[in-house]
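Each remark here refers to the structure printed beneath this line.
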Amino acid sequence: MNHVLLVRLAGPLQSWGVASRFARRDTLNRPTKSGVVGLCAAALGLPRDAPLDDLAGLLFGVRADHPGTPLRDYHTVGGGRFPLRPRDLVTDHRRAAAVAKELPEEAESPPGAVGEPFGRREIPHWYGAPKSVAADPVSGALVSGKVARNALITERWYLADAAFLVGLQHPDAAFLDAIGHALEHPRRLLWLGRKSCPPSGQLSLGVWEGELVEVFESVALLPSADGTPEPLTGRRPWAWVESRRPVPGAGQLQDQPVSFAADGPVHAARWERRERVTIDPQAREWDIIR
């Protein structure tokens, strides 16, 4: 017998990237399996390098009760001037050399003269905010690859006022219960894809007997952002359900979590199919904390 843990993912903003780069941070139109597994791992307090076999082995599904509205954030990074700090002189030989060119004149100042406070010096026309930070080939320290003052322009995409019903299927109900309890009593901070997107209200909606689609059909739509209850009939939301193997109508997505190690996450391919869900007229209504 299989069981399904239902998880409510709702908040002012969500962002579930699948192909994000620095200049453009995208979002899928629904939560990703890797994002939800990461959410569960954080709730359980697992270290980043912990094996993900049990969590990654969950069969994943998501029902889009309220898909939300795409929101684009126009973002600038690294404009303006930044004063030098002591750390800048220690870790970046280029900055130290540039400051040294200005020191002889001050070195001839009378003893006891008060100059610019250390850490407040600016180098005209040279140093801006750190960009393209990488290890310096000379010192090995992390330094900025670009020191110009021009700002970098990025765009970041979010889903506003969305609410999704996620299902995690596994034969061990006790394992799912432990995940549900951790989501309500997390050991680490939780967010909906990005740190700027905290979840709102109740997450765990209990463990149910059955398969993913069967459970999705047996429960009502989640309340909207303003709390208005949804009718039990008339709407057939989309659902994306994972498949263990390729089946007719299934598509491939590079979203199977392998590792969340600090030196870079690793993902593999998985299969999922999209289908409409017809909710049972006798579906159970929700009484949840929003």
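Since every read-out is calculated from the coordinates, none of them should be taken as a lab result. Keep in mind the model is a prediction, meaning the values are calculated, not measured. Note: ideal-geometry Cβ built from the backbone for every residue, glycine included; neighbour counts use all protein chains shown.
In the stretch 148-290, Cα pairs under 8 Å separated by at least six residues give a relative contact order of 24 percent. Its Cα gyration tensor gives the stretch 155-286 an equivalent ellipsoid. The semi-axes, each the square root of 5 times an eigenvalue, are 25, 21, 18 Å from largest down. Which residues in the stretch 1-36 have a backbone N closer than 15 Å to a point placed 7 Å from the Cα of ARG274 along the Cα-to-Cβ line? What the label zone holds, given the 15 Å backbone N cut-off, is 27-32.
Provide the gained length on full extension for the span ALA178 to LEU152, in nm with one decimal, where the gain is 0.36 nm per separating residue minus the Cα-Cα distance.
Details: separation 26, 0.36 × 26 = 9.36 nm, distance 4.36 nm.
The span from ALA178 to LEU152 would gain 5.0 nm if fully extended.
Placing +1 on the Cβ of every Lys and Arg and -1 on the Cβ of every Asp and Glu, with nothing else charged, gives the stretch 157-215 a dipole about its Cα centre of roughly 540 debye. Here r is the Cβ-Cβ distance between ILE288 and ASP54 and R0 is 25 Å; the resulting FRET efficiency, rounded to 0.05, is 0.40.
Check which residues have an amide H placed less than 5 Å from TRP191's amide H, if you skip close sequence neighbours. Under 5 Å from the amide H of TRP191 lies no amide H from a residue far enough along the sequence or on another chain.
Specify the inter-centroid distance of the stretch 1-71 and the stretch 156-186, based on alpha-carbon positions, in whole Å. The stretch 1-71 and the stretch 156-186 have Cα centres separated by 8 Å. Among 268-279, 158-169, 182-193, 24-35, sorting by the average number of other beta carbon atoms lying within 10 angstrom of each residue, highest first, gives 158-169, 24-35, 182-193, 268-279.
Taking 0.36 nm per residue of separation and subtracting the Cα-Cα distance, what length does fully extending ALA134 through HIS93 add?
13.4 nm
Measuring r between the beta carbons of ASN29 and ASP73 and using R0 = 25 Å, the FRET efficiency lands at 0.90.
Computed about its Cα centre, the charge dipole of the stretch 155-290 is approximately 480 debye, with only Lys, Arg, Asp and Glu carrying charge at their Cβ.
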